[in-house]
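Structure first, then comments.
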Amino acid sequence: MVVLKVLKTYETTMGNFVLDALRTSTLSIQTSFHEIKVSFGSIKSLLVPWTRSNSNNSSPVISKTKLREDIKEFDESKVGVKGLVDAGITSIPRIFYQPPENLIDSRSLTRTLDIPVIDLAASDRAIVVRQVQEASSKFGFFQLINHGIPLCRMDDVILSIKAFNELETELKSQYYSREGNEKRVLYYGSSLHLNELEGASWNDTLLVALGPEPAESCYVPEVCRMAVAEWDEEMKKLGGALLGLMSEGLGLKREALEEKLCMDARIMAGNYYPHCPQPDLTLGLKSHTDPSIFTLLLSNHVPGLHVKVEGHEWANLVAHPGALVVNIGDVLQIISNDKYRSVEHRVLANSLQEPRISVAVFFNPANDADTYGPLPEITSLDEPARYRDFDLLELRQQMKKEVGVKSLINNCRIGPNLKWRDWNPLRLLQSYVGSSQN
C-alpha cells in the first residue's frame, strides 16, 4: 500500500481520472489531511510513462513538473503520435489524457447534424446568397457542392498529406518544429498546443503559410509540395467567391468584405489522425472555434467531426461526397456584429485503423495597418456595435494561445469590464442606447 497525504484540494491537483481509480481502491480518509491509502496496482496503468527510460518511476502523484518533463521528452523525440502508433503502443501517454468533462458523450452520440448543402452552380444567385446567409446565421456550418474544384485535385491533396505523414520518422523529423522557420513553413508537430497541461490532442499537423508571403516551395515537403500549391490556387478562387456571397448576405456590395478584410493571410493545416489505442481517454482535436474569417475544410471519409448544436448538444457532421465544409470564424462573427456566428466543434480520437485526414484552409485578415470590428454599414443606434475593434497583433497573439471557444469574441465583446482605452466613442453611445432599450 502507498500512503499519500494531500490537502483538501487534491481533486484539482490529481485530476478526475486519478480520482476514478482512487474511488475503486481501499480508502482511509482522515479529516485534517485526507490521508488516502491506495493500492498502487489499481492505478498502475495511469502511471506508466510512455518511455522505458522512466519505467522505474513509482510515484503515483502526477505532478505538473513531471507532466511538463513528459511533454518535453515526447516533443524532443519528434516522432509524433504516428510514431507512437508505429511503435506498437497499446496505451496512450498520460500527456494526452483529457479531463472527463471534455469527453462527455464523445462516444455515445447518435444525432447526425444535417447541415445545409449549397449548390454553387445554381442559376439564381439571389437564392444562393439567401442560402449562404441563412446557413451562416443559423448553423455556422454548411457545405458546398458544384464548387468547381475537380475531384482529382481534392484526392491529390488528401493523398499528399497522407503520404507525408506516413514517411519514415527520420525523413519527417527534419520538418518537426513548434516555432516554425523564416521560410514560412509554420511548423510540423503533434497537437497544436502540446504544452497545455489539460491534455494534448491525438493528431499530427503540417501547418503551412499560403499567403501573403507563401512558404518557399523548396521548404515544403516534396511529397506534398505540388498538391499544396495547386490546392491554394483553388482556395483563393473559391474563398473570394464565397466571401462575395457572404457580403451580399449582409446587404452589402459584393466586394465590401473582401475590401475590408483582404484575405491574403491564408494558412493550411494538413491534419493526420492515426488510430488511437484508447480513444475514450483523449480527443483528436479539442473543442474550439476558429479565430479566422472562415475555414474551408476537406476531409476523407473517416468520421469524427462533431459540431455543437444550439450551444449545448453535440452532433456528428457527415459531409456530402465531393463537398467542402465551410465554418464561420470568430473574426466574421465580430465583423458581422453577430449576424453570422462561429460554432464550437471538435474531432474525436480515431478508433479505426484507417487514419482520418483533413485539409483546413483558414482565411484571415491581412492588413496590418487596419483595425477590425463591426462594420459601420451594418450598425446603427437600433443595432449598436457589440464589439470593440481589434488589430492583427491581438489576433495573432490570440491564435498562439490555447485552442479555445470564442476566445477572440469574448475578449472583444463590449461589456462592463472593458477598459476605457478600448472604447470607440460612437460605439459607447450606441451601446448605451442599445442597453437602455432592453
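How far, in nm, would the chain grow between HIS320 and ILE145 when pulled straight, counting 0.36 nm per residue and subtracting the alpha carbon separation? Numbers along the way, then the final one.
Numbers: separation 175, 0.36 × 175 = 63.00 nm, distance 0.81 nm.
Result for the pair: 62.2 nm of gain on full extension.
Ordering LYS406, LYS339 by accessible area with a probe of 1.4 Å, largest first, what comes out? Walk me through the numbers on the way to the answer.
Details: LYS406 50, LYS339 75 Å².
Solvent-accessible surface, decreasing: LYS339, LYS406.
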For ASP391, the accessible surface traced by a 1.4 Å probe with all protein chains present amounts, in square angstrom to the nearest 10, to 60 Å²
With every protein chain in place, the accessible area of LEU393 for a 1.4 Å probe, in Å² rounded to the nearest 10, comes to 110 Å²
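Just order 84-92, 142-150, 280-288 by mean Cβ neighbour count inside 10 Å, highest at the front, would you? Write out the running numbers ahead of the final one.
Values: 84-92: 13.9, 142-150: 17.3, 280-288: 21.4.
Ranked from most to least packed, the peptides come out as 280-288, 142-150, 84-92.
Add +1 for every Lys or Arg and -1 for every Asp or Glu among the other residues with Cβ under 12 Å from the Cβ of ASP338, and state the total.
Numbers: positive: LYS339, ARG341, ARG386, LYS406, ARG413; negative: ASP330, GLU383.
Spelling it out: positives minus negatives among the neighbours equals +3.
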Of segment 281-304, those with amide N under 18 Å from the point 7 Å along the Cα→Cβ vector of CYS152 are none
LYS253 and GLU213 label points (each 7 Å along its Cα→Cβ direction) are spaced in nm at 3.2 nm
For CYS218 the rounded accessible area (nearest 10 Å², probe 1.4 Å, non-protein molecules ignored) is 80 Å²
Given 369-375, 321-327, the highest-first ranking by average Cβ count within 10 Å works out to 321-327, 369-375
Simple spin-label estimate for ASP86/LEU393, 7 Å along Cα→Cβ, in nm, reads 4.2 nm
Place a point 7 Å from the Cα of GLU170 in the direction of its beta carbon; the residues of segment 203-245 whose amide N falls under 19 Å from it are 222-223
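How much accessible area per residue does segment 238-304 have, counting only protein heavy atoms and a probe of 1.4 Å, in square angstrom?
On the way: 1990 Å² over 67 residues.
Normalised by residue count, the accessible surface of segment 238-304 is 30 Å².
Please arrange ASP156, ASP368 by accessible surface area, largest first, computed with a 1.4 Å probe and ligands excluded. Before the final figure, lay out the partial values.
On the way: ASP156 75, ASP368 100 Å².
Solvent-accessible surface, decreasing: ASP368, ASP156.
In segment 306-405, carbon and sulfur make up what percent of the accessible area (probe 1.4 Å)?
Numbers: 1980 of 3950 Å².
Here it works out to 50 percent.
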For segment 217-263, the percent of accessible surface on carbon and sulfur atoms (probe 1.4 angstrom, ligands and nucleic acids excluded) is 50 percent
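Would you list HIS345, HIS275 from the most to the least accessible area, probe 1.4 Å?
Working: HIS345 15, HIS275 40 Å².
Putting HIS345, HIS275 in descending order of accessible area: HIS275, HIS345.
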In whole angstrom, the spacing between the Cα centers of segment 92-142 and segment 310-327 equals 3 Å
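The values are calculated or read from the model by the stated rules, or taken from the named source; none is laboratory data. Just so it is clear, the structure is predicted and the values come from calculations on it, not from any experiment. Heads up, the Cβs are rebuilt from the backbone with ideal geometry, glycines too, and the neighbour counts pull from every protein chain shown. These area figures cover heavy atoms from the full protein model, side chains too; ligands, DNA and RNA do not enter into them. Shrake-Rupley method; radii C 1.70, N 1.55, O 1.52, S 1.80 Å.
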